[in-house]
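The values are calculated or read from the model by the stated rules, or taken from the named source; none is laboratory data. Remember, predicted model here, so these are calculated numbers, not experimental data. Here the Cβ positions follow ideal geometry from the backbone for every residue, glycine too, while neighbour counts run over all protein chains shown. Just so you know, the surface numbers come from the protein's heavy atoms only, side chains and all, with ligands and any DNA or RNA stripped out. Shrake-Rupley method; radii C 1.70, N 1.55, O 1.52, S 1.80 Å.
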Amino acid sequence: VRHYGFYPWRVVYLDIEKTDALQKLHTSIMETVMEYRTSWTPQSLLDSLKFYSDAQQKSIMQSGYQFAGEFYSPHFTLAGNDISEDRFRALVSKLENQVEDMTLTITKIALVGRDSGANVLQWMLAT
């Protein structure tokens, strides 16, 4: 794990070093997830396609996500855009130069399916 990152739409995340092993894990998970994928893609993502390369647009249309496959960007999302602007700015000030040095071991993975209404469809547990 490396440093904190921030998106202007009030998202705080902890960036993770992208290793070959992590990319392989992502690819394996995506192969499983794609078996359950519907054609639904968030409208906000469809509206912003012009900001992505042709290759990433193709990936988005296949996976419904802008950071899948070769565009995988390992991270932990710590705060979503549901925090106030004041709280977001305070977090940026506190964390922007902070670096974390930790090692994480993945022992189980839970995959949760959701429909376009965010209703949980199914749980799968991979070990």
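Odds and ends about this structure:
- Residue satisfying condition, being touching a strand residue (DSSP E or B) at 6+ places or on another chain (Cβ under 6 Å) and either at pLDDT below 90 or not acidic (Asp, Glu) (or both), within set 104, 46, 91, 25: 91
- Members of segment 66-81 found to be without any contact (Cβ under 8 Å) to a residue 24 or more places away in the chain and open to solvent by 60 Å² or more (accessible area, probe 1.4 Å), listed by number: 70
- Residues in segment 3-41 that are among the basic types (Lys, Arg) and in a helix (DSSP H, G or I): 1 in all.
- Single residue of segment 107-125 satisfying the filter (under 18 Å from residue 21 (Cα atoms) and either open to solvent by 60 Å² or more (accessible area, probe 1.4 Å) or touching a Lys or Arg at 6+ places or on another chain (Cβ under 7 Å) (or both)) that is modelled with the highest pLDDT: 107
- Flag for residue 25 being more than 29 Å from residue 108 (Cα to Cα) and either open to solvent by 40 Å² or more (accessible area, probe 1.4 Å) or not charged (D, E, K, R) (or both): no
- Selected residue (criterion: farthest from residue 19 (Cα to Cα)) from residues of segment 82-105 that are open to solvent by 100 Å² or more (accessible area, probe 1.4 Å) and β-branched (Val, Ile, Thr): 99
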